[in-house]
Amino acid sequence: MHPVKRSSARLELRELTMEDVDAVLAIYGSPEATEHLSFEPRTREQVGHIVARSIASATAEPRSEYALALVERGTNRLIGFGRLAMDPHQQRAATFGFALRPDAWGVGYGIEAVRLLLGLGFDELGLHRIWGARSPLNEASARTMRAAGMVEEGTIRGHIEKAGRWRDSVVHSMLEDEWRRLG
């Protein structure tokens, strides 16, 4: 499925372009925005490679990754990054993740972003299960995923190595029938 274009009341999910590198850098290059992510802040060159790889993967057949821009509908400003990746270890399943610019935190964009990604997976890709993992310290992400209807499943111990230390991850998921019940 290419190109992806899905919207909510205030956000649009769309394919990335090379013009998005600086806006993605405002997220992936920010120590504040990446504090609870699985990696250290990225350089502009690294972000350029990520965006280029995301653009190339958008036309792969079959498509196994959806790395997308989250854009404010009124301003067309990129305020986040969302990703669905097909899980090769589960049937009709994908992992997901999202990150927002710190200046876009606290106004409900996270819930809209998660619902856009879940809708893409369940409504358009026909998935059965979507799951994501968060840092145990990221309470904002926990609240966001719960508010979007996801269920906290448990902890993956020693899951992510960051800054030379291993940390756990907390898994949240949603099943297709749970999505349908949310209506």
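In whole percents, the pair-distance distribution calculated for the range 4-44 from its alpha-carbon pairs, binned every 5 Å from zero, is 6, 21, 19, 18, 22, 13, 1. Per residue, the convex hull spanned by the Cα atoms of the range 62-183 measures out at 128 cubic angstrom. Each Lys or Arg adds one and each Asp or Glu takes one away; over the other residues whose Cβ falls under 12 Å from the Cβ of Asp87, this sums to +1. For the range 102-138 versus the range 1-36, the spacing of their alpha-carbon centroids is 13 Å.
Computed 3J(HN,Hα) for the range 30-46, one whole-Hz value per residue from the Karplus formula 6.51 cos²θ - 1.76 cosθ + 1.60 where θ = phi - 60°, is 8, x, 5, 5, 9, 3, 9, 7, 8, 9, 6, x, 8, 8, 4, 4, 4, glycine and proline marked x. Qualifying GluC sites (Glu not before Pro) in the range 35-142, where qualification requires a DSSP coil assignment and no more than 15 other C-beta atoms within 10 Å, comprise Glu35. Three principal axis extents of the range 116-181 based on alpha-carbon atoms, in descending order, are 40, 21, 18 Å.
With the alpha-carbon atoms of the range 1-123 aligned to their principal axes, the span from lowest to highest coordinate is 36, 33, 26 Å, starting with the largest.
Our coupling estimate for the range 157-163, obtained by passing each phi through the Karplus curve with A = 6.51, B = -1.76, C = 1.60 and θ = phi - 60°, is 6, x, 7, 10, 9, 9, 6 Hz, Gly and Pro reported as x.
Rg/Rh for the range 85-126 (Cα atoms only, Rh after Kirkwood) is 1.07. Averaged per residue, the chain has 51 square angstrom of accessible surface, using a 1.4 angstrom probe with ligands and nucleic acids left out. Per residue of the chain, the DSSP helices (runs of n ≥ 4 H) give a summed -39500 (n - 2.57) that works out to -8000 deg cm²/dmol at 222 nm.
The values are calculated or read from the model by the stated rules, or taken from the named source; none is laboratory data. Since this is a predicted model, take the numbers as computed values, not measurements. Positions of Cβ are backbone-derived with ideal geometry, glycine not excepted, and every protein chain shown enters the neighbour counts. The accessibility values were calculated without ligands, DNA or RNA, using every heavy atom of the protein model including side chains. Shrake-Rupley method; radii C 1.70, N 1.55, O 1.52, S 1.80 Å.
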